[in-house]
Structure formats: C-alpha cells, structure tokens
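Quick note: the coordinates plus some simple rules give every number you see, no bench work behind them. None of the values given here were measured: they were computed from a predicted structure. For neighbour counting, all protein chains shown are included, and Cβ atoms are generated from backbone atoms with ideal geometry for every residue, glycine included.
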Amino acid sequence: MKKTLFILALLISSPLIYAQELTVTPDGLRDKSNVEKTYVIIAAPNKTAEQSYNNIITYINKTYKNPQEVIKGDVKSEYLRFNTHVSSFLVIKNSGVKVDIDANYTIELAFKNDRVKFEVTDLDMHNSSNYNVLFSGGAFAGFPIYNKKKTKLVRPDTKNEIEIYFNNTISSIKSYLLEEVKSDDDDW
C-alpha cells in the first residue's frame, strides 16, 4: 500500500517538478522560474545521455523535411545544434494592418545523464520588408515587445504567441525524450 501511494504521489508531482517553460523578457527568452538563465533543463528520468540523444535524433528525423540540412552541430550523446525556419511564425498588428512574421532560430541541446539543457539561440523574427520583432527597443527600430526603457510591455499578444510556440516545442521534445526506444522486432 505504501509503495502504491509513493508511486501515485511521484506521478502526480512529476509534471510540477519537471515542468520547464520559457518566458519572453526585455532581454530575450528566459527560464520562467529563473529569468537569469537563458535555458531550461528538461528532465529525462531513467534515460542515459545516449538514449536522450538518440530520441532527439528521432525527433529531428520525424519533424524536419530535410533533417541532415538542419543539424549544424553534432557531438554524439553530448550536444546537438539545429536550425529551424518557420513561415508565418506570428502575426503583428501594426496600425490596423496585419503583418506576417517569419522566424529563424537555432536550438542547442546538451545531454548529461538524465537531463537535457534546452536553449534557443540566434532567434531572428522578421517580415518580408526586413522589419524585425525585437524584445525591446523603440518603435522606429522594428516591432518591439517591450518599450525602449525595457519597462513596459507594448505587445502582450506577441509575447504570448512566442511563449506558446517555444513551450510547445519544449513539450514536444520532452515527449520524445520520455519515449521508450523501440526494438527492431516490434510487431507492427
């Protein structure tokens, strides 16, 4: 009975312990629970670094049209860096006009024991006229999310859309990390 209660308590608390999210700040994407960090740690319980690495290779192969072209850095079982382009990443409302914004970004993953360090680097959000979405700045610099003084949120919808996108990406990667590797003799 005690063992059953312990396992039940562990299952209920696991999402809370391992929930990692990014938030948009005037200085960029940060760990929601510690805005000093530009990365989050994703727990992969009972997985080795090699298993986590292999699961992410599977994620990239299943997610990207040309997986070999997106991988830009690869140290087996230690590190992966891959690029992503997203057309119509978000829509900015500017003076009553809707502006489509594309994005290019790099994800860097580092593998250590049963943990994976997830960081978004080189995030470039722009439209076809090369006006950029900026985390902070003046209106003449592009489309800032926070004002020039980094104190006032001026585009809450944009902030929310970016957070949803990257937190969904973390969830997707986490689900691949937690998958059991299937053996070749699986009956399908």
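Taking 26 Å as the straight-line reach from the Cα of Lys174, the lysines in range (excluding those fewer than 8 positions away in the same chain) are Lys32, Lys37, Lys47, Lys62, Lys65, Lys72, Lys76, Lys112, Lys117, Lys159, Lys182. Could you compute the net charge surrounding Asn127? Neighbours are other residues with a C-beta less than 12 Å from the C-beta of Asn127; K and R count +1, D and E count -1. Residues close to Asn127 contribute a combined charge of -2. Enter the angle in degrees (range 0 to 90, nearest 10) between the Cα long axis of helix 156-178 and the first principal axis of the Cα atoms of the chain, meaning the one along which they spread out most. On a 0 to 90 degree scale, this one is about 20. Taking every C-alpha pair closer than 8 Å and separated by at least 6 residues, the mean separation divided by the residue count of the range 53-93 gives a relative contact order of 29 percent. Dipole magnitude for the chain: computed about the Cα centre from +1 point charges on Lys and Arg Cβ and -1 point charges on Asp and Glu Cβ, it is near 900 debye.
Using a Gaussian network model of the chain whose springs link C-alpha atoms within less than 10 Å, name the residue from Val24, Val91, Val116 with the highest mean-square fluctuation. Result: Val91 has the largest fluctuation of those listed.
The mean sequence distance of close C-alpha pairs (under 8 Å, at least 6 residues apart), as a share of the length of the range 20-59, puts its relative contact order at 27 percent.
Where the convex hull is taken over the Cα atoms of the range 21-178, what is its projected area averaged over directions, in nm²?
9.5 nm²
The simple Förster model, with R0 at 25 Å and r as the Cβ-Cβ distance, assigns Ala139 and Glu21 a FRET efficiency of 0.30. When a/c reaches 1.5 or more, the comparison of a/b and b/c decides; with that in mind, is the range 114-153 rounded, prolate or oblate per its Cα gyration tensor? Oblate, because a/c is 1.5 or more while a/b does not exceed b/c. In terms of overall dimensions, the range 82-149 has a Cα radius of gyration and Dmax of 14.9, 50 angstrom. Helix 2-18 axis versus longest C-alpha principal axis of the chain: approximately 20°, rounded to the nearest ten. Given springs between every Cα pair under 10 Å in a Gaussian network model of the chain, which of Gln20, Gln68, Gln51 has the largest fluctuation? Result: Gln68 has the largest fluctuation of those listed.
Return the single residue from Ala44, Ala141, Ala103 with maximal mean-square fluctuation; model: Gaussian network over the chain, springs between Cα atoms under 10 Å. Between Ala44, Ala141, Ala103, it is Ala141 that shows the largest mean-square fluctuation. Our summary gives the range 111-175 a relative contact order of 16 percent, counting only alpha carbon pairs under 8 angstrom and 6 or more residues apart. Over the chain, DSSP H runs of length four or greater, each weighted -39,500 (n - 2.57), average out per residue to a 222 nm ellipticity of -10000 deg cm²/dmol. Over all orientations, the range 45-109 has a Cα convex hull whose mean projected area works out to 5.8 square nanometres. Computed from backbone phi with θ = phi - 60° and the Karplus coefficients 6.51, -1.76 and 1.60, the 3J(HN,Hα) list for the range 42-57 is 9, 7, 10, x, 6, 10, 8, 4, 5, 5, 4, 4, 4, 5, 6, 4 Hz; x is used for glycine and proline. Farthest towards the positive end of the charge dipole of the chain, among the residues Val99, Tyr176, Val120, is the Cα of Val99, using unit charges on the Cβ of Lys, Arg, Asp and Glu.
Close amide H pairs (under 5 Å, H built 1.01 Å from N) link Leu123 with Thr106, residues at least 5 positions away or on another chain.
Which residues make up the longest stretch of the chain that has no trypsin sites (Lys or Arg not before Pro) in a DSSP loop with at most 11 other Cβ atoms within 10 Å?
Answer - 66-148.
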